[in-house]
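The values are calculated or read from the model by the stated rules, or taken from the named source; none is laboratory data. What you see is a predicted model, and the numbers here were worked out from it, not measured in a lab. Cβ sites come from the backbone with ideal geometry, for glycine too, and all protein chains shown count toward neighbours.
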Amino acid sequence: MTEPLLSVLDLRVTFDTRRGPFEAVRGVSFDVGRERVGIVGESGSGKSMTGRAVLGLVRPPGRVEASRIVFDGTDLRGLPERRMRTIRGRRISMVMQDPRYSLNPVMRVERQIAEALRVHGRPSAAEIRRRSIDMLTEVQIRDPERVLAAYPHELSGGMGQRVMIAMMLVTEPELLIADEPTSALDVTVQLEVLRILDDLVRRRGMGLVFISHDLRLVSTFCDRVLVMYRGRIVEEIAAERLHQATHPYTQGLLNCLPRIGGGHGDLPVLERQAAWSEA
Ligand SMILES: Nc1ncnc2c1ncn2[C@@H]1O[C@H](COP(=O)(O)OP(=O)(O)OP(=O)(O)O)[C@@H](O)[C@H]1O
Ligand SMILES: [Mg+2]
């Protein structure tokens, strides 16, 4: 196998709380190549913290430890913030779960996209405008001129999410970590965004980490699925083999998927055992 784009070994994220340390991520290891890797798991299982830790975006009191976080031959652990910034946003981008926290509220969309582009080089004003409009059009924004002139609070949730995606893709990163990137989108726009991401993986060889609580979406869209439960990866499986999952938690998640045309019996209760989150 060729060198993976990203290699993570024994990643831990710990929060010191008044009741003692809380481990949100407990020794997670995975590799990502030029492929689509999905991370699924219930709310609070540590999916977002895993993504943020890779990019050095866990805020105090959170602490990140790992035996390895290597991106294309560079160890990201303890990298000075100045060097981290040249990688973040340029070579690795992250679409955050809530666009309201990642867009700058006092800056018009146009300037935010321009700043993303300037990280990359010195494009002219006309070039910036053209590329911004192209990218917004690609994420199905019908009136890009109006959106460019808007402040984030003037956008709907779904539009904010699309602006975020456009901003993260406009610099053509080699690795994209997308945290619930389509959760605020209606189905048709969601499909379009997935098509764009898919195209970038196939055509440009981008690596994609796709974080979602939606097992059905992840299993149809991704090549490989990591199932997280209470801060650990309990199962790693090729998407097309998901129905052969061996871990009871994954099986439980699969059984919870509603079936179209299926019966209207009681929803199954997801079983959880303390042993699954033990070392
Ligand atoms: N500042 C903090 N202090 C203490 N615990 C925190 C803090 N931030 C996050 N956590 C905890 O870390 C755990 C993992 O959070 P994370 O955001 O990674 O979950 P998630 O899997 O992304 O969930 P969701 O599907 O709801 O987005 C959660 O139990 C959360 O409560
Ligand atoms: Mg999350």
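Exactly one residue out of Val189, Val201 is surrounded by 15 or more Cβ atoms within 10 Å (Cβ to Cβ), in a helix (DSSP H, G or I) and modelled with pLDDT under 85, and it is Val189. Residues in region 92-101 that are in contact (Cβ under 8 Å) with a residue 60 or more places away in the chain and more than 18 Å from Leu175 (Cα to Cα) were compared, and the one that is surrounded by the fewest Cβ atoms within 10 Å (Cβ to Cβ) is Arg100.
Output the residues belonging to region 34-62 that are more than 18 Å from Ile87 (Cβ to Cβ), more than 12 Å from ligand 2 (Cβ to nearest atom) and of a type outside the set (A, V, I, L, M, F, W, C). Result: Glu35, Arg36, Gly38, Arg59, Pro60, Pro61, Gly62. Ile237 fulfils the conditions (1) surrounded by fewer than 22 Cβ atoms within 10 Å (Cβ to Cβ); (2) assigned to a strand (DSSP E or B); (3) within 16 Å of ligand 2 (Cβ to nearest atom); (4) not acidic (Asp, Glu) except for a single criterion, (3). Determine whether region 136-158 contains at least one residue that is over 22 Å from Arg59 (Cα atoms), within 16 Å of ligand 2 (Cβ to nearest atom) and surrounded by fewer than 14 Cβ atoms within 10 Å (Cβ to Cβ). Checking region 136-158: at least one residue is over 22 Å from Arg59 (Cα atoms), within 16 Å of ligand 2 (Cβ to nearest atom) and surrounded by fewer than 14 Cβ atoms within 10 Å (Cβ to Cβ).
For Phe15, the conditions (1) within 14 Å of ligand 1 (Cβ to nearest atom); (2) buried (at least 21 other Cβ atoms within 10 Å of the Cβ); (3) farther than 17 Å from Met84 by Cα; (4) hydrophobic (A, V, I, L, M, F, W, C) are fulfilled apart from (2). Could you tell me which residue of region 160-186 is surrounded by the most Cβ atoms within 10 Å (Cβ to Cβ), considering only residues that are within 16 Å of ligand 1 (Cβ to nearest atom) and small (Gly, Ala, Ser)? Here the residue is Ala178. Taken residue by residue, region 224-231 has at least one member that is among the charged types (D, E, K, R), surrounded by 17 or more Cβ atoms within 10 Å (Cβ to Cβ), within 16 Å of ligand 2 (Cβ to nearest atom) and more than 16 Å from the chain's Cα centre (by Cα).
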